[in-house]
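Each remark here refers to the structure printed beneath this line.
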Amino acid sequence: MHYIGVDIGSTCAKTTVMDDDCNILFQEVCPTGWSSVDTAENIRKQLAEAGFDPKDNVVVATGYGRVAIPYADKTVTEITCHCAGAVHMFGYQTMGVIDIGGQDTKIIEVANGTVKNFMMNDKCSAGTGRFLEVMANTLSVTPDQLTVLAAGGSDTSISSLCTVFAESEVISLIGRGEKKENIAFAVVDSIVRKVASQASKMDLSDKPVCLTGGLCDSEYIRKALSKELKAEVETAPQARYAGSIGAALFAKKAGAKKV
Amino acid sequence: MSDYLQMWKDLDMDVETHDMLCQVLPTAFGDTFLSMENRPESMGFYDFVVSEIHGIRPSEMIAAQKEGKKVVGTFCVYVPDEVINAAGALFSGLCGGSQFWVPGGEKYLPKNTCPLVKASLGARFDRTCPFFRIVDLIVGETTCDAKKKAYEILGEDVPMYIMDMPQMKRDIDIQKWADEIKAFAAKMEELTGNTITVDGLNDAIKTINAKRKALARIFDARKNADNIPISGLDALLIMQIAFFDDPARCAEMANKVADELEQRNKDGVSVFPAGTKRILLTGTPLAIPNWKLHHIIETSGAAVVCEEMCTGTRYFENLVEEDNATLDDAYMALSKRYMKNNCSCFTPNQGRIDDILRMAKEYNVDGIIDTNLKFCCLYDTERRNVEKAVNEAGIPFLGIETDYTDSDAEQLRTRIEAFVEMLG
C-alpha cells in the first residue's frame, strides 16, 4: 500500500507518494492550467505509469482543486495539510508556517504539531505568487529570474497593493527608465512587506518560522522575509510540496481504514 | 408565489426587475433549506412564509392600512416595537440581506459602505421590495455612521423619524434613551391619531415579551450538549421572519417549534451526526435572505448552535418589566431592557464580550466564528478585543469578513473547513 497526496493549487499541482515508513517514492509538480479536472486526470495517468495507480492506493486531495479529484478517498484543507507537511519536513512541533501560494498566502501558527491558529489573505492577490507572476510578465522575465534580479536592486518601492494598480506603477517605473533590478527589488519588497504585515497579527515570536510554497526556492525572498520579520526564516528544497506531503501523511492515517 | 402582481403594481413597484428576484429566490431557498434532512415539521410555516415572502405579509399590512392602521418600518433592534404596537400600528424590520439590491444602493452611497445599508437603500429606491413601499414611516436610529448619513438620503423619498441612540451606558444614557422613547411615542401618536395609554403600553410590553420568551425557548433547546434538534439555518430563518411577522403569531409559531425541539431533545433526534462541531456565530446581523455563512458552515462538518447577533440573541434576550404604574415608568422599563443590548456602537462594550463568553458555555460550543459585514468599522474594530478575550478563555476563534456576493464562497469554505479540522 502506498499513500498519495495531491495538492491542486491555483498555479501548480503537486503530488507526493509515500510508503509505510514515510519515505518519499515519487514527487511531481505540474501547472494546474485552466481545468482542475484535466489536471487531476493527468496526475492519475502519471501515477499509474509510475506504478502507483490511485485505485490500488490511498489518496488524499488538498488545495483549491481538491473537490475536482474523483479518485480521492478523502479531502483535507490545505491549511491542515501544510501544517502536517511542515511539521514532518522541518521537525518542529511549535512553529510558524508561511506559505506563499499562487493565489493566497497562509500564515499558520503550529502548536503540538497541529494548527492552533491561521490566517489567509482575502480575495486580493497582494502578497501572493500571482502578484509576482504578473509583475514578472510585465518585466518580460520569469518569476525565478525576477527574484534573482531583485537581489541586485535597491531604493525603489511600489505603494499599491492592488495587483492591477501595482502593474501600472511598474509600467510607470519602466517608462521612467528605472533599472530592471530596482523594479524587481520593489516587487519583492511589496510582497515581503504584505506577508510580514499579515504575520504580525499572529503570535510567531520566539518560534521557528518556516517558508513553504512555490517561492521557497528563492534565497533572496527567504532573506528579505527574515529581515522584515526579524527572524531567521527556514526553508527546504521540498517545501513547495508541503501540502502534498501533508496530504500523503493523512492518506497514511486513513490507510488502515481502507484495507 | 401566488398572484400578487396587481398589489405590487399598486405599490408602484418595478415589477419587471422584481420578477428577477422572485425567480432566483425559490432556487436559492430550495438549494439551501429544502436539501437539508430531518428538518422539524413545524418549519412548514416558515417555508410557506418564504414561498410567499413578498406577498402574504405585505397583503396583511395593506389590509390593515385599509382599516386606517399605519405601518412603521425599522432597521434596528433598539427601536421599541412595544411603542409602535401600543399606538395600534404594525411594525416591520426592513434590513436588506441580498446582493440583488446592492447596486441600487451604490447609486446613492459610497462603495465602501456596508452591504446591509446599501441593500436597504437599493430596495427602496429601485422599488423592488414591497415592505419598503408599504411603510408609512421609517424609524432610523443613530447606531452607525453609515446608517446616519444613509437616512438623510432615504429621507428624500420616504418620511423618516430618527431616534438618537446613546453610545455609552451610564445612568444618564439610560435616562436619555427613556426620553427618546417618550418622544418617539409622541411621534407615533401623531402618526396614528391614537393615544398611547399606560394599559395599552403594558399590554404591548406583554405581547412582545411573549414573543421574546418563545424565541428564547427555541434557543434554549439549542443549548443541549448531546443533541442538535434544529439546524442553525432553520433557527436563523425563524429569527429573520420574526422581524416582520405579527408578534402574537410569531410567538405562537415559535412556541410550536420549541415544543417540537424539546421533544426531539428527549427522543435524541438530531439533524446532525453525533460529534458534529458546535459553532457560536458572533458579529453583524444576517438579514433575510442572507444564508451564505450558515450554509457553508453546516456543509463543512459543523453546526451553528447560537447566533450572537441582532438576528439572534440580541433580538430576544432580556425582558421588559411588566405592569408599569405610569407611562414614564414604562418608558424607563423599556429603556432599561433595550440598553442591556450590546451593540458594538457602544463604548466601552465589555458587555458584549461577557455575552460571548457566557454563550460559549451555555451553548457548549467547540469554537467561535466571528463574522463582519464588509466595511462595518465598529464590529471589525471590536473584533480585536473579542478575539483576545476568546483566546484567553481557550476557545478556538475564526474571524471572517464577507459581503452578500458569492464570489468568496470557496475561499470561505476553505477557511471554515480548516477551522473545523482544527477543532479536531
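No lab work stands behind these numbers, since they all come straight from the coordinates. These numbers come from a predicted model, not from an experiment. Heads up, the Cβs are rebuilt from the backbone with ideal geometry, glycines too, and the neighbour counts pull from every protein chain shown.
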| said: Taking loop as defined by DSSP and a crowding limit of 10 other beta carbons within 10 Å, which trypsin sites (Lys or Arg not before Pro) in the range B:191-242 fit? | reply: none
| note | The correct pair for chain A, radius of gyration to one decimal and Dmax as a whole number, both in Å and from Cα atoms, is 18.6, 65
| In the P(r) worked out for chain B, what percent of Cα pairs fall beyond 29 Å? | 43 percent
| request: Name the long-range amide H neighbours of A:Phe118: under 5 Å, sequence gap of 5 or more, or other chain; modelled H, no Pro or chain starts. | output: A:Glu109
| How high is the relative contact order of chain A, in percent, with contacts defined as C-alpha pairs under 8 Å that are six or more residues apart? | 25 percent
| query | Hey, what D do you get for the protein assembly as shown in µm²/s if you plug the Kirkwood alpha-carbon radius into Stokes-Einstein at 20 °C and 1.002 mPa s? | reply | 78 µm²/s
| query | What is chain B's relative contact order, in percent, from Cα pairs under 8 angstrom and six or more apart in sequence? | reply | 18 percent
| request: Take the alpha carbon atoms of the range B:62-118, find their center, do the same for the range A:218-259, and report the distance between the two centers in whole angstrom. | output: 51 Å
| query | Expressed in whole Å with the largest first, what are the equivalent ellipsoid semi-axes of the range B:281-424 derived from the C-alpha gyration tensor as the square root of 5 times each eigenvalue? | reply | 30, 16, 14
| query | Once the principal axes of the Cα atoms of the range B:351-424 are found, what is the range along each, listed largest first in whole angstroms? | reply | 34, 32, 18
| field | Test item: A:69-78 mean partner chain Cβ contacts at 10 Å | value | 2
| query | For chain B, what does -39500 (n - 2.57) per DSSP helix run (n ≥ 4), summed and divided by total residues, give at 222 nm, in deg cm²/dmol to the nearest 500? | reply | -16000 deg cm²/dmol
| request: Over the alpha-carbon set of the range B:265-366, divide Rg by the Kirkwood Rh and report the Rg/Rh ratio to two decimals. | output: 1.07
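Take the Cα gyration tensor of the range B:178-258, multiply each eigenvalue by 5, square-root it, and list the three semi-axes largest first, rounded to whole angstrom.
Values for the range B:178-258, descending: 33, 12, 11 Å.
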| query | In the range B:4-109, what trypsin sites (Lys or Arg not before Pro) fall in a loop by DSSP, with at most 12 other Cβ atoms inside 10 Å? | reply | B:Lys107
| message | Using the Karplus curve 6.51 cos²θ - 1.76 cosθ + 1.60 with θ = phi - 60°, what ³J(HN,Hα) values do you get for each residue of the range B:395-406, in whole Hz, with x for Gly and Pro? | response | 9, x, 9, 10, x, 10, 10, 8, 10, 8, 7, 9
| Hey, which of these cross-link pairs are over 19 Å Cα-Cα: B:Lys70/B:Lys211; B:Lys66/B:Lys147; B:Lys182/B:Lys336? | B:Lys70/B:Lys211; B:Lys66/B:Lys147
| remark: Those trypsin sites (Lys or Arg not before Pro) from the range A:206-259 that are DSSP loop and have at most 14 other Cβ neighbours within 10 Å turn out to be A:Lys230
| task | Could you run the Karplus curve 6.51 cos²θ - 1.76 cosθ + 1.60 with θ = phi - 60° over the range A:14-31 and give me ³J(HN,Hα) per residue in whole Hz, x for Gly and Pro? | result | 10, 10, 9, 10, 10, 9, 4, 9, 6, 6, 8, 9, 7, 8, 8, 10, 9, x
| note | Set B:Lys213/B:Lys256; B:Lys266/B:Lys292; A:Lys14/A:Lys55, cut-off 22 Å on Cα-Cα distance; pairs above it are B:Lys266/B:Lys292
